[in-house]
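Here the structure comes first, spelled out in structure tokens, and everything after it is commentary.
Any read-out appearing in this document is the output of simple, stated calculations on the displayed coordinates, not a laboratory observation. These figures come from a predicted structure and were not determined experimentally. Every residue, glycine as well, gets a Cβ built from its backbone with ideal geometry; the counts of neighbours run over all protein chains shown.
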Amino acid sequence: MAASKKEHSLLPRRLFTAQHSAALLPPALALFGLISLYGTGAPEFQASLTLTWLVTAYSLVSVFYFWTYRYTEYIAACSLIIFHILLFVYALTVVDFLDVSLGLWVPLMLSSFAYFGFKGFVQSAAVLLVAGFIGMLSEPAAQVIPVTLFIIFTSYLITRVMRRTEKEHATLARVRDEQDFEREQLLALINTLNDAVVATDAKGTIRLYNSSVLGLLDTNVALEGKDIDELLKLETETGESISIIAEANEAKRAFSRDDLLHVVAGNERINLAINITPIRPSFRSHVDGGFILTLRDITKRKSLEDERDEFISVVSHELRTPIAIAEGSLSNLIVLQDRGADAKVLAGSAGTAHEQIMYLSRMVNDLSTLSRAERGVGDTREDIDLNELLKNLYGKYEPEASAKNLHLNLDIKTRLPVVTQSRLYLEEMLQNFITNAIKYTQEGSVTISADVSAHGVECSVADTGIGISKSDQAKVFQKFYRSEDYRTRETSGTGLGLYVVHKLAAKMGVEIHVKSRLNHGSTFSFTLPLKDK
């Protein structure tokens, strides 16, 4: 009863049914023999008792194999051959052919088919036919032939049902495997996306999601089967709570929103951009459809947009005043010149216009430096000789300090080591500190110093000027901020210098420290890390 390669492929799916049939057959065969031997009729052959006990012992072994699941193709073949031989002998010696056929031949033929396919069924049916022909010697042929054919036909119909069921199961299994493979492909695809992607049904129950969703929601809990509205606590900028699925069902088309806030733990809110695309089921589908949601955290973008809008608004306001003053002074200068005004009066108007134009020039210079820093222009790091750099700055600003009767000091205690930084950014920071110190110091001195510390090279600019109040020290690095101190207002300034310095310091990876007291001067310092050896 050798099975073909094609039939071998069906063996694993039929094994469970075949084991049950094969395990039930030996006990039934033994029971039939015992009833026949010890019932009302006496055996015609002495060998019947021995045969019956042999079948009983073999039944126990077969049941043991069944419960321990140790059936193999070889054991099954041997068992079925022995079962056929025993049943053949039983039908012709121990009991009447018709008595044993209906109860035992059907499961035997089904077991043969289950293990070895249609070839096994044909071989089992052939044994039954041989037994039937021999049985006609002792029983009426009119009874044996119909019963034999009925058993074969009935067993054949059952095998057809089994085969069709197996094919359906195989088809379902193949479809399920294909669906699982497609799902894994889809998951692999969406997991390559940086944006969070969620697929839901029409009611908002999550069916599929990528790993970015877990990062966005800050969770490691499985989300499949959960309600998207319970996970996304959405509200508008006015604080009104909304259901994104309700909006999607109402819209019935793809749409996007970038004005929503997601409330996370601790009442923290993040800005979300959400794209929602409905899934349209086919007209044959029994599914209600669903939605694909793409989520993106745009908190940083929103913050930058708000900062940009505020920056443009403030710059426009700050530019308006000097432009108006310069325009008015120049217009007044033209009128006075036409009227032949005195040279001193003309010089006053020209000086005012020039002062405002210089103010605009400094603001444009600060904005240009800020723009370069934001775009990364000047980020290139290079080895810098601090001794040479500080001496050059001292030489550049000493005349300006002398013009105000101030002493500009350069205090370098030791030979400074080489540092690796952006020369553009470092110069801009030191120049800003020096010019501010000279501007806000009416008498005394400004000192540029540098010394090696345990953490690097500490650079500082100290003055004996008007100082900065405690409340103002927390705000001096804000853009366009200028103290309300009247002495500050007496000098022109854009309020951008220290804001630019703060940005440059962040680019360089250094921290600025401020020490100041009103009427006792200020010290701005930072530490440059030493060059890696």
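Determine the dipole magnitude for the stretch 143-209: charges of +1 sit on the beta-carbon of Lys and Arg, -1 on that of Asp and Glu, nothing else is charged, the reference point is the Cα centre, and the result goes in debye to the nearest 20. Mind dumping the intermediate values first?
Values: 9 positive and 9 negative charges, 88 e Å.
Computed about the Cα centre, the dipole is about 420 debye.
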Here the averaged projected area of the stretch 382-528, based on the convex hull of its alpha-carbon atoms and given in nm², is 8.3
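Expected output is a single nm value to one decimal: the length gained when fully extending between THR414 and ASP195, i.e. 0.36 nm times separation in residues minus the C-alpha distance. What is it? Walk me through the numbers on the way to the answer.
On the way: separation 219, 0.36 × 219 = 78.84 nm, distance 5.41 nm.
Gain on stretching THR414 to ASP195: 73.4 nm.
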In nm, to one decimal, how far is the LEU172 label point from the ASP218 one, both placed 7 Å along Cα→Cβ?
4.6
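By DSSP, what percent of the beta bridges with both residues in the stretch 362-472 are antiparallel, rounded to the nearest 5? Before the final figure, lay out each step's value.
On the way: 12 of 18 bridges.
Counting only bridges with both partners in the stretch 362-472, antiparallel ones make up about 65 percent.
Expected output is a single nm value to one decimal: the length gained when fully extending between LYS507 and SER243, i.e. 0.36 nm times separation in residues minus the C-alpha distance. What is it? Before the final figure, lay out each step's value.
Numbers: separation 264, 0.36 × 264 = 95.04 nm, distance 4.17 nm.
Working it through step by step, the gained length comes to 90.9 nm.
Once R0 is set to 35 Å, what does the formula 1/(1 + (r/R0)^6) return for the Cβ-Cβ distance between GLN179 and ILE270, expressed as a FRET efficiency to the nearest 0.05? Write out the running numbers ahead of the final one.
Values: r = 35 Å, r/R0 = 1.00.
Efficiency, rounded to the nearest 0.05: 0.50.
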Too long for a 18 Å Cα-Cα cut-off, among LYS479/LYS503; LYS479/LYS515; LYS203/LYS252; LYS396/LYS503; LYS396/LYS439; LYS404/LYS439, are LYS479/LYS515; LYS396/LYS503
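Mind checking the full-extension length gain between ASP309 and ALA347? Use 0.36 nm per residue of separation minus the Cα-Cα distance, one decimal, nm.
On the way: separation 38, 0.36 × 38 = 13.68 nm, distance 3.88 nm.
This chain segment gains 9.8 nm when fully extended.
Mind ranking 432-438, 223-229 by how tightly packed they are, going by the mean number of other C-beta atoms within 10 angstrom, highest first? Write out the running numbers ahead of the final one.
On the way: 432-438: 21.9, 223-229: 15.3.
Ranked from most to least packed, the peptides come out as 432-438, 223-229.
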Taking R0 as 30 Å, what FRET efficiency do you get between VAL514 and ASP259 from their Cβ-Cβ distance, rounded to the nearest 0.05?
0.15
Sequence ranges 138-150, 355-367, ranked by mean other-Cβ count within 10 angstrom, highest first:
355-367, 138-150
